[in-house]
Every structure is written in C-alpha cells, then in structure tokens.
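Right, one structure below, let's go through it.
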C-alpha cells in the first residue's frame, strides 16, 4: 500500500470516529443528566402521578424516548423507588445500534 492510500484510509477512519463521537456523546451526556434528575426528583417527590409527569417531561427535554410504561414506581416500607429502563437508537448512517440505559432514584414517602 502506498503512502497516499494510507493517508486516505487514515482520513476515512478519522471521519468515521468523528461521526461516532458526535452521535454517541450527546446520548450518554443526556442520559447521565437525566439520571441525576431522576435521583433528585424522586428524593423530593410527594405524589407518584406528579413524579411521573415530571420524569416524562424532562425525558422529552433531553430527547430521550421514554414512555410512561418504561417508568416503574415501587412504594414499600415508606420508601419510593423509581426505575426507568429505556433504549436510545443511535443513527450511524449504515447501522443503528440501540443503547440501553437504566435511571434509578429513591426517596422517603411523605407521612
């Protein structure tokens, strides 16, 4: 392989890596921020229905495809636990992998 072909291959590889980074980094960042939001909101929640609304609204703000059915709320022994399992598709032009995430939070129920 000559030097010019090698440089072209390096350039293509750099573009592919740049594309992957620009597609993956925002998804991971938004998911991380959303997980922090879930922890914070669950800790101060007073109502399950209001909490669900806030979690869905914030998911839209972060462009995360979370549905009401993805939100699992468990109330036991004066503790509120929330688990949200969701999948985010990543468009890489030729392939569309799906990244799986779990956001969790817990807090004391008001008496």
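Residues checked against (1) touching a residue at least 60 places away in the same chain (Cβ under 8 Å); (2) within 12 Å of residue 109 (Cα to Cα):
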residue: 36; (1), (2): no, no
residue: 43; (1), (2): yes, yes
residue: 47; (1), (2): no, yes
residue: 50; (1), (2): no, no
residue: 62; (1), (2): no, no
residue: 75; (1), (2): no, yes
residue: 87; (1), (2): no, no
residue: 91; (1), (2): yes, no
In the range 53-72, anything touching a strand residue (DSSP E or B) at 6+ places or on another chain (Cβ under 6 Å) and surrounded by fewer than 17 Cβ atoms within 10 Å (Cβ to Cβ) is listed as 72
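Coordinate-derived values only; no laboratory data. Please read all numbers here as calculations on a predicted model, not as lab measurements. All Cβ positions, glycine included, derive from the backbone under ideal geometry; neighbour counts span all protein chains shown.
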